[in-house]
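*Asks:* Structure below; questions to follow.
The values are calculated or read from the model by the stated rules, or taken from the named source; none is laboratory data. Here the structure is a predicted model, which is why all the values come from computation and not from measurement. With ideal geometry, Cβ positions are generated from the backbone for all residues, glycine too; neighbour counts draw on all protein chains shown. Calculation scope for accessible area: heavy atoms of the full protein, side chains included, ligands and nucleic acids excluded. Shrake-Rupley method; radii C 1.70, N 1.55, O 1.52, S 1.80 Å.
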Amino acid sequence: MNILIIGNSAAGTAAVEAIRTRDRQSSIVQLTDELHPLYSRCLLSYYLAGTISRERLQYREMDFHERMRVQLHTGKRAVELDTNRQHVVCDDGSDYLFDKLLIATGSSAKLPGNIPAGIQGVCVLRTLDDVETIREHVRYARCAVVLGGGLIGMKAACALRECGLETKVVVRSKRVLSQMIDDGASQIIGRRLLENRIEVLTETDISEIRSQDHRLVGVETDQGQVIPCELLILAKGVHPNTELIQDTDIRKRQGIETDPYMQTSHENIFAAGDVAEAFDITTEEHAINALWTCAVQQGRIAGLNIIGEQEAYDGAVGMNSLDICNSPLISYGITSPKDGSRYQMLVYEQPANNVYKKIVLKDHRIKGIILLGRIDNAGVLLSLIQRKADVSAFEHELLDDRFNFAKLVGYGDASVLEQYRQW
Amino acid sequence: MKQIFCHIEKCLGCKSCELACAVEHSLSKQLVAAMREPVVPKQRIRVELIDEHGTLSRYRTLALQCRHCGNALCVQACISGGIRKDEDSGEVRINPEKCVGCWSCVMVCPFGALVRHEGIHRAMKCDHCPDRETPACVDACPTKALVYLEKDGVRTRDVVL
Ligand SMILES: Cc1cc2nc3c(=O)[nH]c(=O)nc-3n(C[C@H](O)[C@H](O)[C@H](O)COP(=O)(O)OP(=O)(O)OC[C@H]3O[C@@H](n4cnc5c(N)ncnc54)[C@H](O)[C@@H]3O)c2cc1C
């Protein structure tokens, strides 16, 4: 069988590993439009901050593709897909036939419409090349502005601060990490950021760019404030790389639609990762969860089904973990529901110790969690979300720091003991 | 691969395993010297309370550590390649040279067996004591509640309540 994988990142790599656990025979060709060998995108901010070397971005051994018997073709951008002939053409004219195709093309940084292209110092943070460009500007820059307060924006801001730059974050919403946490947690984070001299301007947008000789010298906000800066990072979210399927009959909404086997509407074509929509356990809708863990899990499922192992995906849970200004923060699912009346919230806070915990329940099932400062046993709570467990018997204990695996055993959950015995 | 199991009926909750584990993972591997090390050694096994009615009227204890899962979620969640499954032994291992302390593994472990080592800002968990024949916790258990068994040697009644 000829397997073609487009994408050499979280999802594509997980698919390769899954395929090779059971199938050493099939030919695997992997394409990427980047020039670099495999690296972890999530580590880019650590490399920018100087906490890790460029070599440590590699999250598998140097000879990974060789050992996995994969032909990796770098610097090739797939531009055409013929679903009938099962044929892909690249920008350099080379072409590939496949029996099974995995589209794991990920996503790209969104570019706000009002910001002109081609100005030195205006950057995005998505690829290794992006980081090398940012590093060049960091050499001479004194001040940086980050537009967007999501996961990538915050990671970028913290990294630039570590590089010694004066750093400001401009966010349109009322708080940073608005998808991930609620007001309570963001107050603590906001204070931690300030202590680390990262200033956050909320309910603000950038209205204009100031430049001299095509070099950035400052930004103007819609509040009329002018911020001199030599570096601007655009972190307004990502959009899925679906161009390849534009003229095909493969179904997509925002991302490529998939079934529980990560199969698209075409039986020999699969999709996984940031480019794919999959069922979300907490929202009970199909959506993109542009996250590493989801990409790996989906890539694994796609890989197994490509070789005919019928394994279904349980569904995604949006989840994030980061260490922000030395405070560990983990969140899952729906953390500040829009229609609060249908949900029940449990909160525990110790602002003086930078601790904040929240559980969001609906019909006695956990739909979302925030853990700031105390994250031990976080995964035990996640398992309750994933199993859609009725938690009424121990609701009052969920926020206790000692809530752990044995608690579930004590409450007579037989399935957890089964889990303990297996490995 | 062998795995550590706990006979819940025999576990007294004495925490000898926790102490032995911390000492084994110290630089000196000696209790008194270990306590004086600059980075205080931490245990990778934890005695947890199985409280049947949430009232402590009837409880038992379970000494819990990494289960070295087949389809390990921590390996999938790891963003740095710092947690990998050893292809030969099947053990799940942390490489402290690669771990960046993002706690993605803590986020997904259904046993809560991965914890932060704040002293070195790395994730840590049971490693089956690579320098020993039998893990230190098993040797230290006074009631032989902790056993180190080959997968096929495990009968359900060895590990059920
Ligand atoms: C700075 C940063 C920090 C992050 N931190 C975290 C974090 O802490 N936790 C978390 O969960 N997530 C994090 N993420 C998100 C995470 O990196 C992504 O969810 C994950 O990389 C998605 O993997 P993927 O394989 O779907 O796609 P991508 O990583 O986007 O990779 C896509 C691949 O497809 C290739 N490609 C795309 N189009 C084509 C084409 N037409 N032809 C050929 N090749 C193509 C690309 O070259 C690339 O190899 C972070 C992202 C960034 C940028």
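*Asks:* Counting only C-alpha contacts under 8 Å and six or more residues apart, can you give the relative contact order of chain A as a whole percent?
*Replies:* RCO, chain A: 15 percent.
*Asks:* Which whole-number value in Å² is the accessible area per residue of the protein assembly as shown, probe 1.4 Å?
*Replies:* Details: 25450 Å² over 584 residues.
Accessible surface, normalised per residue, equals 44 Å².
*Asks:* Could you tell me which of the pairs B:LYS15/B:LYS144; B:LYS15/B:LYS151; B:LYS42/B:LYS125; A:LYS155/A:LYS358; A:LYS362/A:LYS388 are separated by over 19 angstrom between their Cα atoms in the structure shown?
*Replies:* Listed pairs above 19 Å: B:LYS15/B:LYS151; A:LYS155/A:LYS358.
*Asks:* For A:ILE256, enumerate residues with amide H under 5 Å from its amide H, sequence gap 5+ or separate chain, H modeled in the peptide plane.
*Replies:* Long-range HN contacts for A:ILE256: A:ALA276, A:GLU277.
*Asks:* Considering only the other residues whose Cβ falls under 10 Å of the Cβ of A:ILE369, what net charge follows from Lys and Arg at +1 and Asp and Glu at -1? Please list the in-between numbers first.
*Replies:* Details: positive: A:LYS357, A:LYS358, A:LYS367; negative: none.
Here the charged neighbours net out to +3.
*Asks:* Just the number, please: carbon plus sulfur as a percent of the accessible area of region B:21-107, 1.4 Å probe, no ligands or DNA/RNA counted.
*Replies:* On region B:21-107, the fraction of accessible area on carbon and sulfur atoms equals 56 percent.
*Asks:* Something else: With a 1.4 Å probe and every protein chain kept in, tell me what percent of the accessible surface of chain A is carbon plus sulfur.
*Replies:* Roughly 44 percent, rounded to a whole number.
*Asks:* I would also like to ask the following. Determine the residues within region A:347-385 where the difference in accessible area between the chain on its own and the full set of protein chains amounts to at least 30 Å²; count protein heavy atoms only and use a 1.4 Å probe.
*Replies:* In region A:347-385, residues shielded by partner chains: A:ILE375, A:ASP376, A:ASN377, A:GLY379.
*Asks:* Can you run phi through the Karplus equation (6.51, -1.76, 1.60; θ = phi - 60°) for region A:121-126 and list ³J(HN,Hα) in whole Hz, with x for Gly and Pro?
*Replies:* Whole-Hz 3J(HN,Hα) from phi for region A:121-126: x, 9, 9, 10, 10, 9.
*Asks:* Quick check: Cα centre of region B:89-131 to Cα centre of region A:290-354, how many Å?
*Replies:* When both Cα centres are located, 19 Å separates them.
*Asks:* Right, another one. With a 1.4 Å probe, what is the total accessible area buried between chains A and B, in Å² rounded to the nearest 100?
*Replies:* On the way: alone 20080 and 9530 Å², together 25450 Å².
Chains A and B together bury approximately 4200 Å².
*Asks:* Can I get the semi-axes of the protein assembly as shown's equivalent ellipsoid? Compute them from the C-alpha gyration tensor as square roots of 5 times the eigenvalues, in angstrom, largest first. Each step should come with its number before you reach the end.
*Replies:* Working: eigenvalues 312, 185, 112 Å².
So the three semi-axes of the protein assembly as shown are 40, 30, 24 Å.
*Asks:* Counting C-alpha atoms alone, how compact is region B:20-140: give Rg to one decimal and Dmax as a whole number, in angstrom.
*Replies:* 15.4, 46
*Asks:* Which value at 222 nm does chain A reach when only helices count, each DSSP H run of 4 or more adding -39,500 (n - 2.57), with the total divided by all residues and rounded to the nearest 500 deg cm²/dmol?
*Replies:* The helix contribution divided over chain A gives -7000 deg cm²/dmol.
*Asks:* Output ³J(HN,Hα) for region A:56-65: one whole-Hz value per residue in order, computed from phi by the Karplus curve 6.51 cos²θ - 1.76 cosθ + 1.60 with θ = phi - 60°, and x for Gly and Pro.
*Replies:* Computed from phi, the couplings for region A:56-65 are 6, 5, 6, 9, 9, 4, 3, 9, 3, 5 Hz.
*Asks:* Which cysteines does chain A leave without a neighbouring Cys Cβ under 4.7 Å?
*Replies:* Cys with no partner Cβ under 4.7 Å: A:CYS42, A:CYS90, A:CYS123, A:CYS158, A:CYS163, A:CYS294, A:CYS325.
*Asks:* Relative contact order (percent) for region A:122-236, with alpha-carbon contacts under 8 angstrom and 6 or more residues of separation?
*Replies:* It rounds to 35 percent for region A:122-236.
*Asks:* Tell me which residues come under 5 Å, amide H to amide H, from A:THR167 once H is placed; ignore anything under 5 positions away on its chain.
*Replies:* The list, which skips near neighbours in sequence, is A:ALA144, A:GLU199.
*Asks:* Let me ask something else about it. With +1 on the Cβ of every Lys and Arg and -1 on the Cβ of every Asp and Glu, and nothing else charged, how large is the dipole of chain B about its Cα centre, in debye rounded to the nearest 20?
*Replies:* Charge dipole of chain B: 260 debye, to the nearest 20.
*Asks:* For A:LYS367, what residues show an amide H to amide H distance below 5 Å, using hydrogens built from the backbone and excluding near sequence neighbours?
*Replies:* It is A:VAL360, A:LEU361, A:LYS362, by chain and number.
*Asks:* Hey, got the average number of other protein chain Cβ atoms within 10 angstrom for residues in B:129-142?
*Replies:* That average works out to 0.
*Asks:* Shifting gears a bit: Just to check I understand the Karplus step: with θ = phi - 60° and J = 6.51 cos²θ - 1.76 cosθ + 1.60, what whole-Hz values come out for region B:31-41, glycine and proline as x?
*Replies:* Values per residue, Gly and Pro as x: 3, 5, 5, 4, 5, 9, 6, x, 9, 4, x Hz.
*Asks:* Using a Gaussian network model of chain A whose springs link C-alpha atoms within less than 10 Å, name the residue from A:GLN310, A:GLN120, A:GLN263 with the highest mean-square fluctuation.
*Replies:* A:GLN310
*Asks:* For chain B, calculate the relative contact order in percent as a whole number, restricting contacts to Cα pairs under 8 Å that are 6 or more residues apart.
*Replies:* Relative contact order of chain B: 31 percent.
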